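Trainee: I'd like to ask you about the structure that follows.
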Amino acid sequence: MGKKICDLLTEDLQTVQDQMHNWIDRYFPEFLTVFKKWEGKAALQFLRLYALPHEIVNFKEHALLSQLRKSVTQSVGISKIRELKKAASKSIGLRQGSNMAKLDAKIDTLLDEIPGVPQMLAIKGVGRDKVAGFFAEVGDLKEYTHPRQIIKLAGLSLKENTSGKHKGKTTITKRGRKKLRALMFRVFMTLVAKNSAFKALHELYETLR
């Protein structure tokens, strides 16, 4: 079980890393000539602008510095900003498809406006991509009157496999949205691995089986 969870987390991490490298390679390939890695604090702060190279060029230096100071205080300053703008001015990155990239960023921003999202993100082990995927599948939560409706939608309702006098194992129906079911499974595996409360609950149910 532990190895399976570890494999899932490793796969998720690799997916995120591949997506980031793909975005940078397509839209701002020179970015990694300015920063050694995109995971650094300064690099991430500039990426949070969701700005393409031709837009970064139009930013005032003090505006970029203000953005940088939200997470980095001293190690990186105006010289790095000028280096970034210079790289952006000579970028060969694609502009075609940039609207879709911006749409993804807009969706991420709109996510914060959905009721219930802050509470979900407050749970250790639940990430923004999983929450966005969840709402993409279930829609407005106001349309549901009971949690069992979402369980049924995902095909996670329990059924007892019986035949005559034979009583078989209890399994899930799988009569629902496959993508939602797969998403929830990944969320549960992450919670069991990272969240002590869910891990304890999982261990309890394992002992009761």
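Trainee: Limited to region 13-40, what total is found for residues that are assigned to a helix (DSSP H, G or I) and modelled with pLDDT of 85 or more? Outline the logic, then answer.
Mentor: First, the residues of region 13-40 that are assigned to a helix (DSSP H, G or I): 13-27, 31-34.
Adding the requirement that they be modelled with pLDDT of 85 or more leaves 31-34.
So the answer is 4.
Trainee: Quick one: which of Lys37, Lys70 is free of Cβ contacts under 8 Å to residues at least 60 places away in the same chain, surrounded by fewer than 14 Cβ atoms within 10 Å (Cβ to Cβ) and farther than 24 Å from Leu110 by Cα?
Mentor: Values: Lys70 fails: farther than 24 Å from Leu110 by Cα.
After ruling out the rest, the residue left standing is Lys37.
Trainee: If you don't mind, another one. Tell me, yes or no, whether region 45-58 has at least one residue that is at pLDDT below 90, more than 15 Å from Val34 (Cα to Cα) and not in a loop (DSSP other than H, G, I, E, B).
Mentor: yes
Trainee: Test each condition in (1) modelled with pLDDT of 85 or more; (2) within 22 Å of the chain's Cα centre (by Cα); (3) among the charged types (D, E, K, R) for Lys142 and report the one that comes out false.
Mentor: Condition (2) is where Lys142 drops out.
Trainee: Determine whether Ala63 is exposed (fewer than 15 other Cβ atoms within 10 Å of the Cβ), at pLDDT below 90 and either of a type in the set (A, V, I, L, M) or under 27 Å from Gln14 (Cβ atoms) (or both). So that I can check it myself, show each step before the final result.
Mentor: Details: exposed (fewer than 15 other Cβ atoms within 10 Å of the Cβ): yes; at pLDDT below 90: yes; either of a type in the set (A, V, I, L, M) or under 27 Å from Gln14 (Cβ atoms) (or both): yes.
Here the answer is yes, as Ala63 does meet what is asked.
Trainee: Might you check whether a residue that is closer than 30 Å to Met184 by Cα, modelled with pLDDT of 85 or more and either within 24 Å of the chain's Cα centre (by Cα) or part of a helix (DSSP H, G or I) (or both) occurs anywhere in region 84-93? Spell out the reasoning first.
Mentor: Start the filter on region 84-93 by keeping residues that are closer than 30 Å to Met184 by Cα, which leaves none.
No, there is no match, as no residue in region 84-93 is closer than 30 Å to Met184 by Cα, modelled with pLDDT of 85 or more and either within 24 Å of the chain's Cα centre (by Cα) or part of a helix (DSSP H, G or I) (or both).
The values are calculated or read from the model by the stated rules, or taken from the named source; none is laboratory data. Note that this is a predicted model, so its numbers are computed, not measured. Virtual Cβ from ideal backbone geometry, glycine too; neighbours counted across all protein chains shown.
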